[in-house]
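Visitor: Pasting in a structure now, in structure tokens, and then I'll have a few things to ask.
The values are calculated or read from the model by the stated rules, or taken from the named source; none is laboratory data. Keep in mind that what you see is a predicted model, and the values were worked out from it rather than measured. FYI the Cβ positions are ideal-geometry reconstructions off the backbone, even for glycines, and counts take in every protein chain you see. Surface accessibility is based on the protein's heavy atoms, side chains included, excluding ligands, DNA and RNA. Shrake-Rupley method; radii C 1.70, N 1.55, O 1.52, S 1.80 Å.
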Amino acid sequence: APLDEIDARVSVCRACPRLVTWREDVARDKRAAFAGEPYWGRPISGWGDPRPGVLIVGLAPAAHGGNRTGRIFTGDRSGDWLFASLHRVGLAVQETSEHAGDGQRLVNARMVAAVRCAPPLNKPTTQERDTCGPWAAREIALVAPYVRAAVALGGFGWDAALRSFAAAGYAVPRPKPRFGHGVEVLLERGTGEAVTLLGCYHPSQQNTFTGRLTEPMLDAVLGRAADLAG
Ligand code: SF4
């Protein structure tokens, strides 16, 4: 299937020298800290329903989260927050996401990262963003016909979602809609195909520790996305 083909091809991508070095160095240096567990240290594929009503667009895998476990938003604090909320609104079968074999499953939802390798300080360069962009764009183009609501986590995910849906033929309003928590923008293609893009603060510790993003705020956006997807 085309999604499987993207997964297979991205899993061996080495297009960004800085990120290839970083993901592999982190994997080598930290393997001892997670002794006995496999350490992924490679690009992170999209994950979830192949025909999702809800699409979640994140930034990039965390060094010891996705980069370690091989599954997006799995094994780190951002993922803990995100999956607990997804479970509360009915989009995930379990409240935690700890490792790739834990039985977790998304329900009518899929997650993709705008950049698929863990970047130092969670900050990809503009060049890395642009080099990796086509992976997400291709995946989003494949699932877009099913998607009713896309949730962008943070401004980086917002811009990636807008670029990807535009590349898939959806009309993006001008001037470009600005990211904000709870902002909604309707993206339409042809006659009758529409996706509501929702902005949501990223559940990073910077936001959750400081109270900028609370559990009710996250539940409100993800619950709205679940409602839109029926
Ligand atoms: Fe390839 Fe994307 Fe990783 Fe760069 S960030 S090496 S383009 S998968």
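Visitor: Taking 8 Å as the Cα distance limit and 6 or more residues as the minimum spacing, I'd like the relative contact order of segment 1-70 as a percentage. Walk me through the numbers on the way to the answer.
Guide: Numbers: 54 pairs, mean separation 26.4, N = 70.
About 38 percent, as a whole number.
Visitor: Now for a separate question. Dipole of the chain (Lys/Arg Cβ +1, Asp/Glu Cβ -1, origin at the Cα centre): which of Thr210, Val93, Pro177 lies farthest to the positive side?
Guide: Pro177
Visitor: Further question: For helix 215-229, report the angle its Cα long axis makes with the longest principal axis of the Cα atoms of the chain; keep it between 0 and 90° and round to the nearest 10°.
Guide: That helix lies at roughly 60 degrees to the long axis.
Visitor: Per residue, how large is the accessible surface of segment 2-229? Use a 1.4 angstrom probe and give square angstrom. Walk me through the numbers on the way to the answer.
Guide: Details: 10370 Å² over 228 residues.
Result: 46 Å² of accessible area for each residue.
Visitor: In segment 90-207, what percentage of the DSSP-assigned beta bridges are antiparallel, given to the nearest 5?
Guide: Once the DSSP bridges in segment 90-207 are tallied, antiparallel ones form about 60 percent.
Visitor: Where nothing but the Cβ of Lys and Arg (+1) and of Asp and Glu (-1) is charged, how large is the charge dipole of segment 144-230 around its Cα centre, in debye to the nearest 20? Could you put the intermediate results ahead of the total?
Guide: Values: 8 positive and 7 negative charges, 62 e Å.
The calculation lands at about 300 debye.
Visitor: Can I ask one more? Given the DSSP H assignment, sum -39500 (n - 2.57) over each helix run of at least 4 residues in the chain and divide by its residue total; what's the result at 222 nm in deg cm²/dmol, nearest 500? Display every interim value, and only then the final one.
Guide: Numbers: 8 runs with 90 residues, N = 230.
Only helices count here, giving -12000 deg cm²/dmol.
Visitor: Sticking with the crude label model, points 7 Å out along Cα→Cβ, report the distance from Asp102 to Leu186 in nm, one decimal please.
Guide: That separation, rounded to one decimal, is 3.8 nm.
Visitor: Quick check for me: using +1 on Lys/Arg Cβ and -1 on Asp/Glu Cβ, what's the dipole size of segment 2-229 about its Cα centre, in debye to the nearest 20? Don't skip to the end; give the middle numbers.
Guide: Values: 27 positive and 23 negative charges, 113 e Å.
Magnitude of the dipole: close to 540 debye.
Visitor: Can you compute the FRET efficiency between Lys30 and Gln94 using 1/(1 + (r/R0)^6), with r the Cβ-Cβ distance and R0 = 25 Å? Round to the nearest 0.05.
Guide: Values: r = 25 Å, r/R0 = 1.01.
After rounding, the FRET efficiency stands at 0.50.
Visitor: Shifting gears a bit: In whole percent, and with a 1.4 Å probe on the protein chains, what portion of the accessible area of segment 2-229 is carbon and sulfur? Don't jump to the answer; show the numbers that get you there.
Guide: Values: 5520 of 10370 Å².
Taking all protein chains in place, segment 2-229 shows 53 percent carbon and sulfur surface.
Visitor: Tell me the angle of helix 17-30 to the major Cα principal axis of the chain, expressed in degrees between 0 and 90 and rounded to the nearest ten.
Guide: That helix lies at roughly 50 degrees to the long axis.
Visitor: If I fit a long axis through the Cα atoms of helix 126-143 and take the longest principal axis of the Cα atoms of the chain, what angle between them do I get, 0 to 90°, rounded to 10?
Guide: Relative to the chain, helix 126-143 is tipped by roughly 60 degrees.
Visitor: Under unit Cβ charges (Lys, Arg +1; Asp, Glu -1), what dipole magnitude, rounded to 20 debye, does segment 131-192 have relative to its Cα centre?
Guide: Working: 7 positive and 4 negative charges, 26 e Å.
With Lys and Arg at +1 and Asp and Glu at -1, about 120 debye.
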